[in-house]
Amino acid sequence: AKPFLMMAGSFTRSNDPDAQEFWTRLTGWRRYLELEGAEELAFTDNEGIIGPATPLLGLTPAQVQGFVGTMDPAEGVRIQLAYPRAFFDLHLRHRPGRLLDGPSPAFPEVKFIP
């Protein structure tokens, strides 16, 4: 019954039965967001580090894309700052905003999934 925000890249509810079952059991406020072009490691500091460190690590562009996806790292960080902040503002500070109400033209890569 607690508020829950789930953000995903290539790992989605639709391709993980456990995540889908978990989602269906949530009874409180919830949002599920998919970031178009993001891979699993895009949700870590790696997103901003792997690209510049590619020559040092000896990675190919395809390997980098497999780790963090095709999303621009700066945009990925901007999204990862904005949405959790909006979530915590709403549920901990009781300061509602509009970002979590639905798709935003400021963040076209973020898809709201029912």
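Kindly provide the set of residues from the range 18-30 that are open to solvent by less than 60 Å² (accessible area, probe 1.4 Å) and not in a helix (DSSP H, G or I), ordered by number.
Answer for the range 18-30, where residues must be open to solvent by less than 60 Å² (accessible area, probe 1.4 Å) and not in a helix (DSSP H, G or I): Leu26, Gly28.
Quick one: in the range 82-106, which of the residues that are in contact with a strand residue (DSSP E or B) (Cβ under 9 Å, 6 or more places away or on another chain) and in a loop (DSSP other than H, G, I, E, B) is farthest from Phe4 (Cα to Cα)?
The qualifying residue farthest from Phe4 (Cα to Cα) is Ser104.
Given the options Gly58, Gly51, Gly66, Gly76, name the one that is touching a residue at least 12 places away in the same chain (Cβ under 8 Å), more than 23 Å from Trp29 (Cα to Cα) and more than 18 Å from the chain's Cα centre (by Cα).
Gly51
Right, Arg31: without any contact (Cβ under 8 Å) to a residue 12 or more places away in the chain and not β-branched (Val, Ile, Thr) or not? Full working, then the answer.
Values: without any contact (Cβ under 8 Å) to a residue 12 or more places away in the chain: no; not β-branched (Val, Ile, Thr): yes.
For Arg31, the condition - without any contact (Cβ under 8 Å) to a residue 12 or more places away in the chain and not β-branched (Val, Ile, Thr) - is not met.
The values are calculated or read from the model by the stated rules, or taken from the named source; none is laboratory data. Small disclaimer: the values here were computed from a predicted structure and weren't measured. Quick reminder, even Gly has a Cβ in these numbers, built from the backbone with ideal geometry, and neighbours come from all protein chains shown. Ligands, DNA and RNA are stripped out before the accessible areas are found, and what is left, the full protein with its side chains, is counted by its heavy atoms. Shrake-Rupley method; radii C 1.70, N 1.55, O 1.52, S 1.80 Å.
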